[in-house]
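Colleague: Structure incoming, see below.
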Amino acid sequence: MIKFIAKSAFVAAFLFCIPSQSSTIQSQNSLETNASVIKTGADNYEKYLPILKDKKVGIVTNQTGILSDKTHVVDFLLEKKIAIQTIFAPEHGFRGTADAGEHVVDGKDPKTGLPIISLYGDNKKPKSAQLAGIDVMIFDLQDVGARFYTYISSLHYVMEACAENNVPLIVFDRPNPNGSIVDGPLLEKEFTSFVGMHPIPLLHGMTIGEYAQMVNGEKWLKDGAQCKLTVIPCLDYKRTMPYSLLVKPSPNLPNDQSINLYASLCLFEGTNVSVGRGTETQFQIYGSPYLTKTNFSFTPKPNFGAKDPLYNGKECFGEDLTKYPKLKQLELKWLIKAYQNTSDKTKFFNAFFTKLAGTKKLQQQIESGVSESEIRKSWQKNLEAFKKMRTKYLIYK
């Protein structure tokens with residue numbers, strides 16, 4: 001079942017709470033933001049507070065779960081006397097400080113005293129016992145529009161657990177910072193993993209609320225189950241609007257430039273090429289010791305979000321994309337160029353690449369020297385079918 005809450009007026013905000021410096025998004029390379037105009041689902045509280053009254057509430061959120069005045073949604077709900085029972089934390093943890101892939105453990109939030117249950121590690125799906133006593137679940141995470149960004153995988157498992165335990169789910173919607181870009185190969189079923197759970201392209205062009213409606217409507221949950229879903233929409237949002245995030249969605253996406261380049265450069269994570277983890281320009285540069293020497297180089301060192309980065313202490317040669325114009329599609333030219341220039345092509349790809357690509361075909365095409373334009377043509381039939389299916393679930397123009 002899908003229940004959609006209609007648009008309403010936004011009322012002025014409450015407490016001001018500045019996030020830690022480590023989580024605040026860098027201003028460099030930022031787009032002109034519409035944050036003063038767009039109100040997220042969390043800001044649309046007139047629509048959800050009545051639903052939550054006198055309910056015992058669970059919430060899936062992290063540092064991105066904030067209102068436009070930067071008050072964290074958990075603090076806001078507690079101020080409004082909403083009975084939060086448990087916080088469920090995705091990859092990177094509740095405060096967003098864990099490295100990519102780092103095991104996140106259960107704990108307690110020192111500020112509120114609320115228990116935190118990790119949904120990244122051995123327990124990706126809330127257990128029935130962990131949902132006992134919860135009347136309604138909230139999901140409030142900032143997605144970036146890429147298939148392998150694991151917050152939508154966490155959404156899948158939360159929806160599935162809610163369906164199985166008859167717990168209604170409310171998704172606080174947030175703008176997709178990559179807007180309406182729909183591009184890349186579709187995931188093939190045999191390559192399903194936590195970095196790709198559904199038959200969608202690498203860039204899906206949807207908000208997380210729209211995506212939740214798709215998961216439910218296409219019956220992608222286990223055994224075709226559907227959860228009782230309510231989406232609290234953004235106000236005054238169009239997907240063509242540029243949107244700058246108020247905080248980092250994860251430790252290695254420090255600014256708008258990295259978020260825009262993320263889907264294109266993340267494919268390097270399935271190769272022997274660094275994407276700048278261990279620098280201050282993550283997902284805005286790429287390079288390795290095995291690429292042709294150029295005028296640009298960097299040397300990764302441990303830092304926030306990368307305790308042991310690839311090529312720690314080794315000089316990497318590659319390309320600086322910090323000033324590259326905003327992408328409007330998935331870009332393959334850097335991946336193809338790096339493969340062509342690497343010193344040992346047999347060591348370029350690793351097994352993770354297929355999981356990220358969602359298909360074996362992309363690696364085979366690159367190794368066979370297929371041109372980028374021909375690779376793109378091979379996606380088009382599936383992309384058009386996806387776009388047609390996607391229209392059923394869109395909330396915004």
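Colleague: What are the residues whose amide H is under 5 Å from the amide H of E280, where those residues sit 5 or more places off or on another chain and H is modelled from the backbone?
Modeller: HN-HN under 5 Å from E280: empty list.
Colleague: What percent does the relative contact order of the chain come to when contacts are Cα pairs within less than 8 Å and at least six residues apart?
Modeller: Values: 852 pairs, mean separation 73.4, N = 397.
With pairs under 8 Å counted, the relative contact order is 18 percent.
Colleague: Quick check on the range 68-219: what does the Kirkwood estimate of hydrodynamic radius come out to from the alpha carbon pairs, in Å?
Modeller: Kirkwood radius, the range 68-219: 16.3 Å.
Colleague: Positive end of the dipole of the range 152-278, charges at C-beta (+1 Lys, Arg; -1 Asp, Glu), about the Cα centre: which of S193, S244, C227 has its Cα farthest in that direction?
Modeller: Result: S244.
Colleague: I'd like the distance separating the alpha-carbon centroids of the range 221-289 and the range 66-83, in whole Å.
Modeller: The distance from the Cα centre of the range 221-289 to that of the range 66-83 comes to 24 Å.
Colleague: Residues with amide H under 5 Å of F88's amide H, sequence separation 5 or more or different chain, H placed in the peptide plane at 1.01 Å from N; which?
Modeller: HN-HN under 5 Å from F88: I59, V60, T61, I117.
Colleague: Per-residue accessible area for D69 at 1.4 Å probe radius, Å² rounded to 10?
Modeller: In the full protein context, D69 sits at about 20 Å².
Colleague: Another question, then. Add +1 for every Lys or Arg and -1 for every Asp or Glu among the other residues with Cβ under 12 Å from the Cβ of F172, and state the total.
Modeller: Around F172, the charge tally is -1.
Colleague: Still on this structure, I have one more. With each pseudo-label sitting 7 Å past Cα toward Cβ, what's the K314-T112 distance in nm, one decimal?
Modeller: Distance between label points: 4.3 nm.
Colleague: Right, something else. Using 0.36 nm times the number of residues separating F194 and K127, minus their current alpha carbon distance, what extension gain do you get?
Modeller: Fully extending the segment from F194 to K127 adds 22.4 nm.
Colleague: How much length is gained on full extension from K81 to K293, taking 0.36 nm per residue of separation minus their Cα-Cα distance?
Modeller: Numbers: separation 212, 0.36 × 212 = 76.32 nm, distance 5.96 nm.
Length gained, K81 through K293: 70.4 nm.
Colleague: Please state the charge dipole magnitude for the chain, taken about the Cα centre, from unit charges on C-beta atoms (+1 on K and R, -1 on D and E), reported in debye and rounded to the nearest 20. Can you show the working numbers first?
Modeller: Details: 48 positive and 39 negative charges, 141 e Å.
So the magnitude is around 680 debye.
Colleague: If you average the alpha carbon positions of the range 380-394 and of the range 118-152, how far apart do those two centres end up, in angstrom?
Modeller: About 26 Å separates the Cα centre of the range 380-394 from the one of the range 118-152.
Colleague: If one computes the Cα centroid of the range 338-378 and of the range 162-187, what distance in Å separates the two points?
Modeller: Rounded to whole Å, the Cα centres lie 28 Å apart.
Colleague: May I pose another question? With r defined as the distance between the Cβ atoms of K238 and K347 and R0 fixed at 35 Å, what FRET efficiency is calculated, to the nearest 0.05? Before the final figure, lay out the partial values.
Modeller: On the way: r = 45 Å, r/R0 = 1.29.
It comes out at approximately 0.20.
Colleague: I've got another one for you. Using 1/(1 + (r/R0)^6) with R0 = 51 angstrom and r between the beta carbons of S368 and V37, what's the FRET efficiency to the nearest 0.05? Walk me through the numbers on the way to the answer.
Modeller: Values: r = 47 Å, r/R0 = 0.93.
Efficiency computed from Cβ-Cβ geometry: 0.60.
Colleague: Nearest 0.05, what FRET efficiency do E384 and K323 give at R0 = 25 Å with Cβ-Cβ as r? If you can, show how the numbers build up before the last one.
Modeller: Details: r = 33 Å, r/R0 = 1.33.
Once the sixth-power term is evaluated, E becomes 0.15.
Colleague: Given H placed 1.01 Å from N in the peptide plane, which residues other than close sequence neighbours of T271 have an amide H under 5 Å from its amide H?
Modeller: Amide H neighbours of T271: N350.
Colleague: Where nothing but the Cβ of Lys and Arg (+1) and of Asp and Glu (-1) is charged, how large is the charge dipole of the range 220-368 around its Cα centre, in debye to the nearest 20? Please report the intermediate quantities before stating the final value.
Modeller: Details: 20 positive and 12 negative charges, 56 e Å.
Result for the range 220-368 is approximately 260 debye, rounded to the nearest 20.
Colleague: Right, here's the next one. If you place +1 on the Cβ of every Lys and Arg, -1 on the Cβ of every Asp and Glu, and leave all else neutral, what size is the dipole of the range 210-274 about its Cα centre, to the nearest 20 Debye?
Modeller: On the way: 6 positive and 6 negative charges, 29 e Å.
Around 140 debye, computed over the range 210-274.
Colleague: 222 nm [θ] for the chain, helices only, -39500 (n - 2.57) per DSSP H run of 4+, per residue, to 500?
Modeller: Values: 10 runs with 94 residues, N = 397.
Helix contribution divided over all residues of the chain: -7000 deg cm²/dmol.
The values are calculated or read from the model by the stated rules, or taken from the named source; none is laboratory data. Nothing here was measured: the structure is a model prediction, and the numbers come from that model. FYI the Cβ positions are ideal-geometry reconstructions off the backbone, even for glycines, and counts take in every protein chain you see. Areas reflect the complete protein model, heavy atoms only, side chains present, ligands, DNA and RNA absent. Shrake-Rupley method; radii C 1.70, N 1.55, O 1.52, S 1.80 Å.
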